[in-house]
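Nothing in this text is a laboratory measurement; each read-out follows from the coordinates by a stated rule. Note that the structure is predicted; figures quoted are calculated from it, not measured. Ideal geometry is used to build each Cβ from the backbone, glycine not excepted, and the neighbour counts take in all protein chains shown.
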Amino acid sequence: MSRTLSFKRAEKKALFTCFSVIGGIRKKVLFQSFNGLSYSDNPRAISEAMHALYPDYELVWALKDNEKSRRNAPDYVRFVAPYSVAFYRELASSFCFVNNEAMRFDLPKRKGQFFIQTWHGDRGIKKILYDAWEDGQRPHPIMDEKMTDLFVVGSDYAQRRIQTAFRYHGEVLNAGCPRNDCLIFPAKADQVRRAIGVEDGKKLLLYAPTFRRNSKILPTPVNVAETLAHLNGRGGDWVCLMRAHPKAMGVDLQAAGNVIDVSGYPDMSDLLMIADALITDYSSCAGDFILRGKPVFLAQFDLDRYTKENRTFHVDITQSGYLITHTQEELNRLIDTLTDQQIADNCEQIMRFFGAHETGRSAQQVCRMIDQRYQALRPGK
């Protein structure tokens, strides 16, 4: 079985070149999400749409060889270990490569190959990559400006940001994030609720703080039990889904109240699809959840410390329309006083601020572009 290895830059090029010489480009798409951590996010949405629209394509996933990473992956995909010898063999013979992390390799890409970037934080407020690195110095190689052929985004904000954060100035498809199609046209909500063990009739608060540097277990400054009590006061029987960031090992759940820990669930989009309200702090998931037209609260209780020790922001978040709270009392008061119309208006304001272009059909559009490019290439003829 192939395992993940650490190859030097010259070795990666040699492997790719060798496999390119041996065989031709096949009607195949190679997918990778979060560097092989999970079957999830924009690549998952495109993969599933590809299978539905064009079942004759080979679909291969670069996933780590463990049950957690390969959870929920369907039987019709093949697996390969990320960055193994087999990975470069699959990459060299694939027509298309779909990724959601910054491209970390520089290869002599074959003529006609089609590399797609679907970055996982379209409307994230935190500075990333070149924008976050001091004086533009990059600690890791970012090769999207050279390797990527199409960048998929869901907002005017993201289209502007990739020009500086990735230094990418190539072709852009601004028609929505594929992972968000399910937020506009939810089809599997009941299935997801059953998978995580939610009782019928329960209303769901998703609490998803982002990661902090040098903090493997995320703190929970929000009093979850108190928050649930105020949500119950609005009506319904509420449960909290607690979601740790993938870069953290978990969330401090002490005295958290009625909570289900869903940190191990592989795809955040599924959780956003079933949630009735969201609390986060600085995570890009807030920019996705607004598509549901439901309340999202930014509990920025440690704003000064976060911006000093972690990240600064691309925008003045106070101008975005987000409902920002700095204390538990402010959060409680917002929950108690917001009307349904105010919530709907708030979501519309945020969408306008970022210039969102979510169509609900993004994954299908990407798949059609893949097939059109392949048909134009007509390998071997």
- Item | Among ASN42, ASN232, ASN66, residue whose mean-square fluctuation peaks in a GNM of the chain (springs only between Cα atoms under 10 Å) | ASN66
- Please express the Cα-Cα pair-distance distribution P(r) of segment 186-354 as a list of whole percents, one per 5 Å bin, running from 0 to the bin with the greatest distance. 1, 8, 18, 22, 23, 17, 8, 2, 0
- Message: Which of PRO43, PRO221, PRO209 ends up with the largest GNM mean-square fluctuation for the chain, with Cα atoms connected below 10 Å?
- Response: PRO221
- Contour minus Cα-Cα distance for ARG234 and THR318 (0.36 nm per residue): 27.6 nm
- Query: Amide H neighbours of LEU241 under 5 Å, counting only residues 5+ apart in sequence or on other chains, H built in-plane at 1.01 Å?
  - Reply: LEU205, LEU206, TYR207, ILE260
- Expressed as a whole-number percentage, the relative contact order of the chain with C-alpha contacts under 8 angstrom and at least six residues apart is 18
- Item | Gyration tensor verdict on segment 75-184 (Cα atoms; rounded if a/c is under 1.5, prolate if a/b is larger than b/c, oblate otherwise) | oblate
- Quote to one decimal, in nm, the extra length available between GLU330 and HIS169 on full extension: 0.36 nm per residue of separation minus the C-alpha distance between them. 53.8 nm
- Longest segment of the chain with no GluC sites (Glu not before Pro) in a DSSP loop having at most 12 other Cβ atoms within 10 Å? 200-381
- Cα centroids of segment 148-194 and segment 303-381: how far apart, whole angstrom? 10
- Which ³J(HN,Hα) values, rounded to whole Hz and listed in residue order, are derived for segment 18-31 from phi using the Karplus coefficients 6.51, -1.76 and 1.60 in 6.51 cos²θ - 1.76 cosθ + 1.60 with θ = phi - 60°, glycine and proline given as x? 4, 5, 5, 6, 5, x, x, 7, 9, 6, 8, 10, 9, 10
- Note the angle between two axes, namely the Cα long axis of helix 340-354 and the longest principal axis of the Cα atoms of the chain, as a number of degrees from 0 to 90, rounded to the nearest 10. 40
- Item | Top of PHE289, PHE185, PHE114 by mean-square fluctuation, Gaussian network on the chain, Cα under 10 Å | PHE185
- Please give the length that would be gained between LYS308 and ALA376 if that part of the chain were fully extended, namely 0.36 nm times their separation in residues minus their C-alpha to C-alpha distance (nm, one decimal). 19.5 nm
- Here the Cα Rg-to-2.2 N^0.38 Å ratio for the chain is 1.00
- Query: So how do VAL77, VAL98 line up by other beta-carbon neighbours within 10 Å, fewest first?
  - Reply: VAL77, VAL98
- Message: Amide H of PHE95 versus every other amide H placed in the peptide plane: which residues, excluding those fewer than 5 positions away on the same chain, fall under 5 Å?
- Response: ARG26, LYS28
- Sort TYR83, TYR306 so that the residue with the fewest other Cβ atoms within 10 Å of its own Cβ comes first and the one with the most comes last. TYR306, TYR83
- Task: Anything over 18 Å Cα to Cα? Flag those among LYS28/LYS109; LYS126/LYS308; LYS126/LYS203; LYS64/LYS188, in the order listed.
- Result: LYS126/LYS203; LYS64/LYS188
- Task: Quick one: which residues, 5+ away or cross-chain, put their amide H under 5 Å from the amide H of PHE297? H built at 1.01 Å from N.
- Result: LEU278, ILE279, THR280
- Between rounded, prolate and oblate, where does segment 1-118 land on the alpha carbon gyration tensor, with a ≥ b ≥ c its root eigenvalues, rounded for a/c under 1.5, else prolate if a/b exceeds b/c? oblate
